[in-house]
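Structure first, commentary second.
Nothing in this text is a laboratory measurement; each read-out follows from the coordinates by a stated rule. All figures in this text were calculated on a predicted structure; none of them were measured in a lab. Reconstructed Cβ throughout: ideal geometry from the backbone, glycine too, with neighbour counts over all protein chains shown.
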Amino acid sequence: MASPGSRWLLAVALLPWCCAAWSLGNLNPPSPPPLVIWHGMGVFGLPRCPGESSHVCDIIRKMINAGAYSKVVQERLVQAQYWHDPIKEDVYRNHSIFLADINQERSVNESYKKNLMALKKFVMVKFLNDSIVDPVESEWFGFYISGQAKETIPVQESTIYKEDRLGLKQMDKAGKLVFLAKEGDHLQLSKEWFHAHIIPFLK
C-alpha cells in the first residue's frame, strides 16, 4: 500500500459512512476496524533527496513551493496534495485542498473527529530508514516545528494533538494509538513482519 493510499484510508475513516457499506445499501455499517497508516502530516522533501541534509535538495524543495499550492496543480497532481510547507504554514492551510482539510488544520469538522475516534485502534508505522517520506516523523503524525524545516516534534507536541482537533489526544489516553517502528526503507516489510505486527490488530 503506497502512502497516498494510506492517506485515502484515513479520509474514508473520517467520512460519515463506510463507502463499501453504503454501496451495499447498509445504512448501519459495523464499527470501524483498526486503521493502519504510514503517512500522517504530509511531506516537505523529494524522494531520496531530504532537504534538511542536502543544500541542492533544499533548493529544489523551495522551488517546488512556487507552484505546489496553485489551484491547477492541487487539482491535477495528487502528490501536491500531500505537500506541507512548515515555513509558510498559512499558505499551506489556505491552499492545500486535501491534507489541511483532512487533518483539521483549517477548521474542525466534528464528524471527522467522531468517526476517527470510533476506530478500535489507530496503527501508525514508521520506517526508520525511509527515503520517500520527509520528514519520517510524519509517519507518526510528527512534523517540522512551524517556521523552519530542520527540527521536528512528535505528535504529542503538535497543535492538532494539543487542541485535539482530530481526537488523537483522547485516543492516546484511551490506548487507541499504536506507534510501530520498522527498520528499512519505505514500505519495505516482509510477510512475516506484517503477519506478526499488523494482522493481530485486524482480528
Practice item. For segment 104-153, would you read off the P(r) tail past 17 Å as a percentage of all alpha carbon pairs? Key: 54 percent
**Study point:** Theoretical FRET efficiency, 1/(1+(r/R0)^6), r = Cβ-Cβ of VAL72 and HIS195, R0 41 Å, to 0.05
**Key:** 0.40
Exercise for review: Would you mind giving the average projected area, over all directions, of the Cα convex hull of segment 64-203 in nm² with one decimal?
Suggested key: 9.3 nm²
Revision key, fill the gap. Of the listed links LYS71/LYS113; LYS121/LYS191; LYS169/LYS191; LYS71/LYS169; LYS126/LYS169, those spanning more than 29 angstrom between alpha carbons are LYS169/LYS191; LYS71/LYS169
Review point. Order of 177-186, 80-89 by packing, highest average Cβ count within 10 Å first?
Key: 80-89, 177-186
